[in-house]
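What follows is a short report on a single structure.
The values are calculated or read from the model by the stated rules, or taken from the named source; none is laboratory data. Note that the structure is a prediction, hence the values are computed from the model and not measured. Don't worry about glycine lacking a Cβ; one is built from the backbone with ideal geometry, like all the others, and counts go over all protein chains shown.
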Amino acid sequence: MKKTIKNARVNRITHLIQEYNIDKVVHIRGQYNCLPDYLSRYSKEQFDDLFDIEYGLASKTLSTLSSSAPNNDTNNITSDSLVSSTNPKLLAAMTLRPRKNRLYYAEESISRDSDIHNHHDSTDTSNSTFNRKSKVTSKFSQNYFDVAKLQFEQDRDPKIQNIIKKLSTTSNHSSFILEDSKLYKVISHQNNSNRIIKALYLPSSMINSLLKACHDDPLTGAHFSTDRMYYKIRSHFWWPRMKIDIQCYVKSCSLCTQFNIDRAKRYGHLHSIPPPEGPFSLVGIDFCGPLPRTPRENQYVLVITDYFTRYITAIALPNCTAETTARALFDDFFCKFGIPSAILSDRGTHFLNTLMENIKNLIGYNHIYSTPYHPQTNGVVERFNATFVAQISKLQNTQHNNWDEYLQAVVFAYNTGVHKSTKFSPYELLYGCAARLPIHSRSQHFTFLKPNDYFEQLKKTLRVFHQASRENILLQQQANQEYYNKNRLDPQLKLGDKVLRRIYISKGKLDPKFSPIPNIVVELHHPMYVVEDEYTGIRSQVHISDLRPLIST
């Protein structure tokens, strides 16, 4: 345990297990090891106690004991003294409660217990019943908006008083009318011109309370959308810029920001990686798996993709540990194709570790890590993973799981096919000629050129291929950007803006989609942003598609 680990979670677990004398650690699949799997997903914010211990029913003997006790000592009888007494006829009930609703059940249990203890007191029973009803009613009637104050607030509003003065002097002002000392706005529906509505002119001092009542209250608004609020309000009230104010209020609602489902496309335009200067300047690596274990004990595939030629190298491996990854990269890629200028990968522990860091410093290349939860950064590799898994599934023997026997054949077929972006096959861009396949006829004669002539011809061919390939890649990237960015918003955040981060951990259907804790933007690298947790101060790099700005009213 002397090895330095930069992964905070692994490092924390390492310190914890040092307290125990562990001989062997065995991995068991989650479907056969339910308890640890449950504990790893169980939210620590939820209550740990499953039982409502206050629930219970006393037996007849207990009732007799309580009634026979002196009046001044009745309140001193506790559950502990009753349990410790010699009376064996105590009937107790243990009730399981859902964890998330425990607060509600706790309130209900207090009411039920008070009903049990005061069962013979009719006055107390009626009071407890009233308390229960008032609690339920208070959840749905917050009284945010008091329409009785409207007359008083209209008299105080200078804009409304100015309109009333104009009405008294001008008879042609038909869009407003004054009835019972209250100012109304006359509105005609666009769908039906014969229908006219008289809506009360709402003073500016009461706008916020009405919006709160029509959006936050469970009975009136229930956090529905802008259109529902607008149609619900416009038949009764009116004020200038009414729909804009409603829209701003809904956008500024923190609960709506956390829980609402994305109906539109996610934020952020597509920013493609420019094509490198030549083959193996930039390569992307990623693991595909776990796949069904083969007789050769292989379960993972390390995929290495050249960003210029799109040439694929795939290595079947038994696991995805850091040591196995480093060995495969060195033996099957570095020693065959040379050292790339840069390697792009995700932030998995098999890539982000001390061993890979030491190899990078020893051999000499740059290692670029993608943004968390944003696989589009390494999209070239991710796209091939989706392609080759389907091809292997068609070829393998399902009874023997021998997909690794077909892996290299599938990769060769891919490398010798024309790529959509480059308009050349990866094999041609790398070797300067097309691969000879079994479908080709055998050559009847051979022409031997001088080595120097072949070298010059190869250089010219590769120069033409590479230039055309780079132009084709740029054209394809431009087409992809136009298609991806169509009807997609690309908001630009500023320093100090408050945002909510998307939650990717396992969650239930009623859990928020975005974190309730605000984050503050501290660095700008659009479309990437470095945000800082407002409570913990931890900084993270997040893509704009995983952020929702908090709008203040």
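Yes/no matrix, rows are residues, columns are (1) within 22 Å of Thr377 (Cβ to Cβ); (2) in the same structural domain as Lys212 (by TED's automatic domain parsing); (3) in contact with a His (Cβ under 7 Å, 6 or more places away or on another chain):
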position	(1), (2), (3)
Asp490	yes, no, yes
Asn519	yes, no, no
Val531	yes, no, no
Gly537	no, no, no
Ser540	yes, no, no
Q: Considering each residue of the range 404-437, count those that are of a type in the set (Asp, Glu) and either within 19 Å of Asn472 (Cβ to Cβ) or in a loop (DSSP other than H, G, I, E, B) (or both), and give that number.
A: 1
Q) For the range 516-527, how many residues are surrounded by fewer than 16 Cβ atoms within 10 Å (Cβ to Cβ) and not in a strand (DSSP E or B)? A) 3
Q: Report, by residue number, each residue of the range 228-239 that is free of Cβ contacts under 8 Å to residues at least 24 places away in the same chain and surrounded by fewer than 17 Cβ atoms within 10 Å (Cβ to Cβ).
A: Arg228, Tyr230, Tyr231, Lys232
Q.
Tell me which helices (runs of 4 or more DSSP H) are completely within the range 197-313 and hold 3 or more residues being touching a helix residue (DSSP H, G or I) at 6+ places or on another chain (Cβ under 9 Å), over 30 Å from Phe412 (Cα atoms) and not hydroxyl-bearing (Ser, Thr, Tyr), or say none if there are none.
A. 207-215, 226-233, 242-251
Q. What about Cys335, is it at pLDDT below 95 and in a loop (DSSP other than H, G, I, E, B)?
A. no
Q: Just name the residue that is farthest from the chain's Cα centre (by Cα) out of those in the range 463-513 that are of a type in the set (Lys, Arg) and surrounded by 12 or more Cβ atoms within 10 Å (Cβ to Cβ).
A: Arg470
Q) Here are some conditions: (1) among the aliphatic types (A, V, I, L, M); (2) in contact (Cβ under 8 Å) with a residue 60 or more places away in the chain; (3) more than 20 Å from Thr309 (Cβ to Cβ). Leu474 meets all but one. Which one does it not meet? A) (3)
(Q) Just to be sure before I move on: is Val303 surrounded by 14 or more Cβ atoms within 10 Å (Cβ to Cβ) and more than 30 Å from Leu462 (Cβ to Cβ) in the structure I sent? (A) no
Q) Taking the condition aliphatic (A, V, I, L, M), out of contact with any Leu (no Cβ under 7 Å at 6 or more places or on another chain) and over 22 Å from Lys498 (Cβ atoms), does Ile244 pass? A) no
**Q.** So Thr416, is it free of Cβ contacts under 8 Å to residues at least 60 places away in the same chain and closer than 18 Å to Gln299 by Cα
**A.** no
Q.
Val530 - would you say it is closer than 23 Å to Lys251 by Cβ, part of a strand (DSSP E or B) and in contact with a strand residue (DSSP E or B) (Cβ under 6 Å, 6 or more places away or on another chain)?
A. no
Q. Which residues, taken from the range 458-480, are more than 12 Å from Cys433 (Cα to Cα) and polar (S, T, N, Q)?
A. Gln467, Ser469, Asn472, Gln476, Gln477, Gln478, Asn480
Q.
Every residue in the range 209-233 that is under 15 Å from Val147 (Cα atoms) and not aliphatic (A, V, I, L, M), please.
A. Ser209, Lys212, Cys214, Thr220
Q.
Can you tell me which of (1) in a helix (DSSP H, G or I); (2) among the polar types (S, T, N, Q); (3) at pLDDT 90 or above is the one Asn452 doesn't meet?
A. (3)
Q) Among Thr371, Thr309, Thr305, which is modelled with pLDDT under 90 and among the hydroxyl-bearing types (Ser, Thr, Tyr)? A) Thr371
Q) Among Phe334, Phe280, Phe308, which is closer than 30 Å to Asn485 by Cα, surrounded by fewer than 21 Cβ atoms within 10 Å (Cβ to Cβ) and more than 31 Å from the chain's Cα centre (by Cα)? A) Phe280
Q | Long-range neighbours under 9 Å by Cβ, at least six apart or interchain, first residue over 16 Å from Asp306 (Cα atoms) within the range 452-471, second surrounded by fewer than 12 Cβ atoms within 10 Å (Cβ to Cβ) | A | Gln457/Leu449
Q. Taking the range 252-311, which residues are within 24 Å of Thr387 (Cα to Cα) and among the acidic types (Asp, Glu)?
A. Asp286, Glu297, Asp306
Q) How many of the residues making up the range 493-534 are closer than 18 Å to Ser545 by Cβ and of a type in the set (Gly, Ala, Ser)? A) 1
(Q) For the range 338-359, which positions are among the β-branched types (Val, Ile, Thr) and part of a loop (DSSP other than H, G, I, E, B)? (A) Ile339, Thr349
